[in-house]
Each structure stands twice: as structure tokens, then as C-alpha cells.
Amino acid sequence: MAIQTSQWWQRLGERLFGDVIQARVQEAVAAEDIGYRQASGSAETRDDPLWDHQRLLREVYEAYVTNPLAYTVIDVQANFVLGGGVRIACASATVQEAVDAFWQHPDNAMDTRIYSLYTELALYGEQFVRVFTDPLTGEVRLRQLDPLLIDQIETAPEDIEQALRYRVRGVGQDPGYWIAAAEMEHFTINRVSNALRGRSDLAPLLPWLKRYRDWLVDRARINRLKGSFIYDVTVRGATRNDLLAKMAAYAQPPAPGTVVFHNEAETWQPVQPSIGADDVAADGRALKLMIAAGAGLPEHYLAEGGHVNRATAAEMGLPTLRRFQRRQELFGRYLRRLVARAIQARQDAGALPTDVDTSFRVVFQEVQPDIAHVAGPHAESFARSLQLARTEGWLEADDAARLFRRFLADED
């Protein structure tokens, strides 16, 4: 009886004050969640829902390892941005020695790791680099974390760009764990201002990569069918039993090159499928142009050089090179953060003086167009103009040479 009375009062309270109780519960939950923001799917960010973001990470990886065009889009970037590698130039010889030790440490192997860092940054749109520091020696070791493992990012209450910690999702019964921002570097590309996660360079290309793949598969099937045929054998005056006997005799079709003998009562006619597969090269090129446009690459970078001459290729490549230069600058900032951590860790451990000059530069091989392609067509006409000025006595030889060298330097 007491239980029934308790349930009756509970139902009465929910009916009379249900909205008030619900509002108080929501306020309490909001108070507990202050300072926490979901890595994705939050109304406060423009990130994809977590499940969509994880699906995208899986799809871009699958495209990268199975689709040659997707692989090329990422690989071309890494080749241009990193070129012949990266070196760190420090103002102080003492700091240079410490940075070289960090850079060349077998656990870091930065000469090769930079290619992995940039490739996966372009592929996934972000990189999580775990930083392990030995407080006694100041040694810093780096480890890359799969972005698929990070399912939540906690930021400051009023500053979405200030990360506080990162949650690594668990597997099975493992609940996962948090990593403080002091132990992590998060690098992103293609991230809008009100988002926590980056987006892959392949994200806008995925639908068109799939369409181009399907188009190629269809063309391969059609071309295979165009070469297929069957024999239509007509036997005049044959009864049903005669036809069954012929079918048994010709159960195995003649192999190519076989000579078939028959009398005038039989007629053999090869039949090919009439599928009307006209030339659709323009359709394939249109699909590939969509991929090239989305990747910011000229079409001749994607094995489509039949429609481009040398002069056009040089002009088309300039916007792409400017894009690679911006990426180089962005990636240089990310590398500076890692090197600055290594220097600070050495100073905190007493392995480097605190008053030493810690300035340094990240030096890339410069991304620039081939001067022969860009300046070549203009250099010849400019040289003729200088020759005319020399002939008319308007310029001395030294002045003409100086102007021509300046012209080449400006073009470079």
C-alpha cells in the first residue's frame, strides 16, 4: 500500500510540476557541462556530427589507398610543399646542436617524419602529435595519433581556439582517456573559424572520385563486351533430335583459330552485341576536370596532358604554386611549434642556458615556377628591345646587361 501511495504522489507531482522539474534538471546538466564542448556535433561549432566525421576519415583513407587519382592529389602536394626536405637554421650554435639532436633522434626521425606529417595532414585534414618530454634531460619525442581515435575536444568556455584537453576513445570496455593540451599539438587545414576539426583535401572530391571510378569500370565492361560474340548456327531441315545432336556435338564452342567443317545445310554466323558504345572521352575528361578543380591542380598534373601545350601548362601552374606556397608557410608554422617545444624543454631541464638566443628559421626548398617556362617567352622580346637600344646608342652595354639581369630576377 505504501508503494502505491508513493507512486500516486510521484505521478501527481509530475503532472503539476513536470515542466518546472524538467527545467531544473536541464539547468543542472548545463552547469555540469560548463567548459566542455563536443569534438563534433555541437550546436556551437560547424563540425560534422562525430559519426559523420569518423565516416569521412574512413572514406578518405580508403580512397587514398585504392584510387590512383586520390593518391596523386595528396602525393603531388607533399612533393611540392616539402620538395627536397626541411632544415632548421638557428641563430645560436648551442641551440642548433640541441635542435639537431631533437630532429635526428631515432624516435623522431624528422627528416622522414615530416613527409608522414604532411601527407596525413592533407589526407585527414588534421594531425594530433603527442609530445613526450623527459624532465631530467629535456629530450622530446613525438608520436602521431590517428585522428579517428580522438572523439572529443574540450576548450575554454569562451574561446573555442584554446584547447584544454583531448579525449582518446576507448575500444570495447575501455572508457578511453584524456590527454592534456600541454602534451599534444593539434594541426589542422581547411578549418573554418567556428570549428574544432580540420577537413581533408579529398573531402569535396569524394563524390567525383567515385563517379570517375564508376565511369572507368563501366567503360572497361563495355569494351570487354564489344569484343565478345556468340555463334548463331542454322541447320536447315533439321528435326528436334537433329538439333539436340548438334548441340551435344558443339557443346564446347570452337577455340579461336579453329577450322569448322560443315555441309551446305549449316550456316554459322558470329553475333556481337550492339550496345552503341560511342566515344565518350569528353565525359571522362569532364569528370576529371571536376576532380582537378576541387584539388586545385591543373589537369596535366592528373595525367591529362593531351589538351595542354607547354605555354598553357606554365600559366595554369601558377595558381597551384601559390597555393603550395601558402601550405608551405602553414606547415612551417606547425613545425616551428614542435621545434620551440624541444628548445623550451631543454631550457627547463637546464640543458640550455635561459639567456641564449633561441631564434630559428624553418627553411624549405622554395616553391617557384621554372624561370625557363615563365620568363622565356618574354625574355627574348626584352632582349631584342635592349639590343635596339644599344644599336641606337640609348644604352651602354653594362646598363643593358644590368637591366636584363634585373628582369630575370623580377620574373624569378
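Quick notes on this one:
- Scanning residues 5 or more positions from Cys90 or on other chains, those with amide H under 5 Å from its amide H are Arg361, with H placed 1.01 Å from N in the peptide plane.
- Each label was represented as a point 7 Å from its Cα along the Cα-to-Cβ direction; for Arg322 and Tyr231 these points are 6.7 nm apart.
- Amide H contacts under 5 Å for Ala195, placed H, 5+ residues apart: Arg46
- Of the trypsin sites (Lys or Arg not before Pro) found in segment 179-262, the ones in coil according to DSSP and having at most 11 other Cβ atoms within 10 Å of their Cβ are Arg236.
- Charge tally for Val171 (other residues, Cβ to Cβ under 13 Å; Lys, Arg +1; Asp, Glu -1): -2.
- The accessible surface of segment 96-142, taken with every protein chain in place and a 1.4 Å probe, is 54 percent carbon and sulfur.
- Amide H partners (placed H, <5 Å) of Asp151, local residues excluded: Arg167, Arg169
- Under the Karplus curve 6.51 cos²θ - 1.76 cosθ + 1.60, θ = phi - 60°, whole-Hz ³J(HN,Hα) for segment 251-256, x wherever Gly or Pro sits: 4, 9, x, x, 6, x
- Projecting label points 7 angstrom from Cα along Cα→Cβ for Ala220 and Thr391 puts them 6.1 nm apart.
- Thr239-Asp75 pseudo-label distance in nm [points 7 Å out on the Cα-to-Cβ vector]: 6.8 nm
- Average accessible surface for segment 53-181: 46 Å² per residue, computed with a 1.4 Å probe over protein heavy atoms with every protein chain in place.
- J(HN,Hα) series, segment 258-269, from Karplus relation 6.51 cos²θ - 1.76 cosθ + 1.60, nearest Hz, glycine and proline x: 6, 9, 9, 10, 7, 8, 5, 6, 10, 10, 9, 9
The values are calculated or read from the model by the stated rules, or taken from the named source; none is laboratory data. Everything numeric here is computed off the predicted structure, so don't read it as measured data. Note: ideal-geometry Cβ built from the backbone for every residue, glycine included; neighbour counts use all protein chains shown. Surface accessibility is based on the protein's heavy atoms, side chains included, excluding ligands, DNA and RNA. Shrake-Rupley method; radii C 1.70, N 1.55, O 1.52, S 1.80 Å.
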